[in-house]
Amino acid sequence: MTNKMVATVTADAGAGPRTTGAGPQAGRGPARGLSGLSGRAVEILFLAVVITGFVASPNFLTSFNLQGLLSQAAVLGILAIGQYIVIVAGGFDLSVGAVAAVSSMVVASTLGDLGVLGILLAIASGAALGLLSGLAVTVGRIPPIVATLGVAGIAQGVAFTISNRGIVITDSAFMTLNSTSFGFVPLLFVIWAVLVAVVFAFLRLTRTGLYFFAIGGNADSARLAGVPVARVQMTAFALSGMLAGAAGVLFAARANSGLPGLGVGWELDTIAAVVIGGVSLYGGQGNLVKAMIGVLTYLMITNVMNLADVDSYLQNVLKGVLILAAVAAPAVLRRRNHLMGRTS
Amino acid sequence: MTTSQQVSQPPAETGPQPARGAANRRRLPGGAMVWVLALLILAAIVLSKGVFIRPSNLTTVLYQTAVVGVLAMAQAYAVISKGLDLSIGATAILAALIIGDSSSADPQFLPHLPLPLAILFGLVVGLLVGVVNGFLAGRTAVPPFIITLSTYLVIVGVTFMLTQGAPVTQPAQVLKDLGEARVWILPVPVLLWFALIVVGHFVLSRTKPGAMLYAVGGNETAARLSGVPVARIKMFIYAAAGVFAAAAGLLFLARTGSVSPSAGSEFMLMSVAAVVVGGIPLSGGQGKIRDVVLGVLILGIAGNLMNLMGISPYLQMAVQGAIILVAVGANQRLAQGRGV
């Protein structure tokens, strides 16, 4: 049984590059992801999943299901904005899930006394943890993966130290965050959309936004060109932490509680979603809006599996395979383009 | 960023790294970690008011350290090759469940096997996981941490599918007995750990794949150009890590006598922590098994001390995260290298 499963992994991962051959990074060499030449792979995949969902289950296109899907997407999507920024800037953030857990605990435990201030405090705690990652990467010169893994450990410890059980939120005003919706579009989704718009504008219109792409493309050239690399990296991680903090607050609103064990696996979910959206894992390339379509696509795949009654444990297995396929496709193609290119 | 000189220098000295022309920039010599360990032991004796040094406590420390010790060795192989294996913790638990269930008199999801075959089964599964990781690491350009994080997800999924979430509580009695048996004051799992240290050290320092592993970690392009079969070496690295992980699972099962599919969540972080605390740079190409053993002992003693002082396990998690940051930070500053 187990052997069979393991064998499946090889087979499917091997098939990845072929099935997604028209993938987001297909044969583009060093071209920028923003240039529009990257094809429409994300959009096509998105539509394919919608159609599959529509065919597979009559419950897929109901307003109830869509509403749930969209508010779920809001939480993961806001985390993914942060992950997107960090990846574009040439790093990875493995702490987003644990940081969201801290933020949900902070908001749940302070909302009663502090009100709105509690929300701000939660977001600030996320920003602080993000800043810690940034410091570890820039001052400590620790590779982002390990730095954020360490910060994730710290964050988990903090979340469980606040309380090793979930904290229920009773504030009724806070709950309207989740219960408000316009038609089948929940308020949470609107918040996500606004944040995407703001970050998109930030990336396009500000110097720092441009610098993210510059240091992610080639940190050394960026430094020589006068980009303050350390400061920009720090900003990327702080923003990611802040957004993870915001996502933690929204999760708390959805779940009506803060949960210390929240967010296990979210770092991988966000990376996968962003990669499905055509963002290069090597940094410097990728379109935010497409990345967000990647989030929706990724969640819809899970949603369709749920509606089709796929065993939840099997879903985990399939998700792992899906992530590998999504990540391997562009990486394999890239390797074909640059045979002597960068080593991982 | 390592220079090509290192490539031809197999099981390198732990000592000086020819970094960026500055002769006085050196990474911590192995000796420094011995001093850290000595100081920690002293502090532990004082802070625990002598409880730490009791033979029963010392045995406990080693007993608890053995599992992570073996996992950390697997992690060291990956890190020296400039990779990272985040799947070993999950592999260990999967192997423990497989060995436990198939050796049980009343197996829940596997056919009954005699203990030696059950153990072999577990080790082979570990090997298979490693082969998948190694294949992907060698044949695609996907960063190893993403590959192994994905296989981690897959393994956890498989684990829960097999067990439906239920723990395995009745492994073969012989295994439980062995887990508690002692030679003098040393429990059998600890002796097994010592034996694996010897094996791990021997492979790394005395065999050809071991030497090539350093070459791949030091400078992959240079290694490839000088004829090292990089893809095959990566296969070897992750396969070895998978087998070590399964062996760690066996020790875990023998020690605890039962294993739940959700156990071992701390293994991933701890294995990385032990490697970096031992002073192995993440930039690859350097490090010895001795370093990992020191790292594991330091973490194990620190954990034991925190237990003796009644510090909550959650806070310990945070401390561990902080230790990673401090240890890698110190090391990177000294080595002036940037990697992964």
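Here are the numbers:
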item: Hey, residue A:245 over 26 Å from residue B:146 (Cα atoms), touching a Ser or Thr at 6+ places or on another chain (Cβ under 6 Å) and not charged (D, E, K, R) or not; result: no
item: Given (1) in a helix (DSSP H, G or I); (2) modelled with pLDDT under 90, number of the condition residue A:164 does not satisfy; result: (1)
item: Any chance residue A:44 is away from chain B (no Cβ under 14 Å), in a helix (DSSP H, G or I) and either crowded, with 24+ Cβ neighbours inside 10 Å or within 20 Å of the chain's Cα centre (by Cα) (or both); result: no
item: Residue identified as in contact with a Gly (Cβ under 9 Å, 6 or more places away or on another chain) and either open to solvent by less than 10 Å² (accessible area, probe 1.4 Å) or modelled with pLDDT of 95 or more (or both) among A:222, A:255; result: A:222
item: Every pair of residues 6+ apart whose Cβ atoms lie under 6 Å, when the first sits in the stretch A:215-234 and is assigned to a helix (DSSP H, G or I) while the second is aromatic (Phe, Trp, Tyr) and open to solvent by 40 Å² or more (accessible area, probe 1.4 Å); result: A:232/A:211
item: Residues of the stretch B:130-140 satisfying the condition of being crowded, with 21+ Cβ neighbours inside 10 Å, touching a Lys or Arg at 6+ places or on another chain (Cβ under 7 Å) and more than 9 Å from chain A (Cβ to nearest Cβ); result: B:134
item: Some residue of the stretch A:269-289 being assigned to a helix (DSSP H, G or I), more than 20 Å from residue B:145 (Cβ to Cβ) and modelled with pLDDT of 85 or more; result: yes
item: Qualifying residues in the stretch A:86-112 (those that are surrounded by 24 or more Cβ atoms within 10 Å (Cβ to Cβ) and farther than 22 Å from residue A:134 by Cα) - the one modelled with the lowest pLDDT; result: A:111
item: Residue match in the stretch B:12-25 (condition: part of a loop (DSSP other than H, G, I, E, B), closer than 24 Å to residue B:196 by Cα, at pLDDT 90 or above and among the charged types (D, E, K, R)); result: no
item: Qualifying residues in the stretch A:176-194 (those that are surrounded by 15 or more Cβ atoms within 10 Å (Cβ to Cβ) and of a type in the set (A, V, I, L, M)) - the one nearest to the other protein chains (Cβ to nearest Cβ); result: A:188
item: Only listed residue being more than 22 Å from residue B:124 (Cβ to Cβ) and either surrounded by 23 or more Cβ atoms within 10 Å (Cβ to Cβ) or under 13 Å from the mean Cα position of the chain (by Cα) (or both), chosen from B:227, B:303, B:217, B:249; result: B:217
item: Residue within the stretch B:99-107 that is open to solvent by less than 10 Å² (accessible area, probe 1.4 Å), of a type in the set (A, V, I, L, M) and either part of a helix (DSSP H, G or I) or under 24 Å from residue A:318 (Cα atoms) (or both) present; result: yes
item: Single residue of B:315, B:297 found to be assigned to a helix (DSSP H, G or I), among the hydrophobic types (A, V, I, L, M, F, W, C) and within 9 Å of chain A (Cβ to nearest Cβ); result: B:315
item: Which numbered condition residue B:125 fails, given (1) at the interface with another protein chain (Cβ under 7 Å from one of its Cβ atoms); (2) modelled with pLDDT under 90; result: (2)
item: Meets criteria (out of contact with any strand residue (DSSP E or B) (no Cβ under 8 Å at 6 or more places or on another chain), of a type in the set (A, V, I, L, M, F, W, C) and either assigned to a strand (DSSP E or B) or open to solvent by less than 30 Å² (accessible area, probe 1.4 Å) (or both)) for residue B:204; result: yes
item: Positions within the stretch A:99-158 being more than 8 Å from every other protein chain (Cβ to nearest Cβ) and at positive phi, in sequence order; result: A:115
item: Residue check for residue B:322: of a type outside the set (Lys, Arg), at the interface with chain A (Cβ under 10 Å from one of its Cβ atoms) and either closer than 12 Å to residue B:69 by Cα or in a helix (DSSP H, G or I) (or both); result: yes
item: Hits in the stretch B:141-190 - residues which are within 24 Å of the chain's Cα centre (by Cα), open to solvent by less than 30 Å² (accessible area, probe 1.4 Å), of a type in the set (A, V, I, L, M, F, W, C) and within 18 Å of residue B:248 (Cα to Cα); result: B:155, B:168, B:175, B:190
item: Residue B:263 being open to solvent by less than 10 Å² (accessible area, probe 1.4 Å) and not aromatic (Phe, Trp, Tyr); result: no
item: One residue from A:299, A:314, A:333, A:243 being more than 8 Å from chain B (Cβ to nearest Cβ), modelled with pLDDT of 85 or more and either part of a strand (DSSP E or B) or surrounded by fewer than 24 Cβ atoms within 10 Å (Cβ to Cβ) (or both); result: A:299
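The values are calculated or read from the model by the stated rules, or taken from the named source; none is laboratory data. Since the structure is predicted, the reported quantities are computational estimates derived from the model, not experimental observations. Glycine gets a Cβ as well: all are built from the backbone with ideal geometry, and neighbour counts include every protein chain shown. The accessibility values were calculated without ligands, DNA or RNA, using every heavy atom of the protein model including side chains. Shrake-Rupley method; radii C 1.70, N 1.55, O 1.52, S 1.80 Å.
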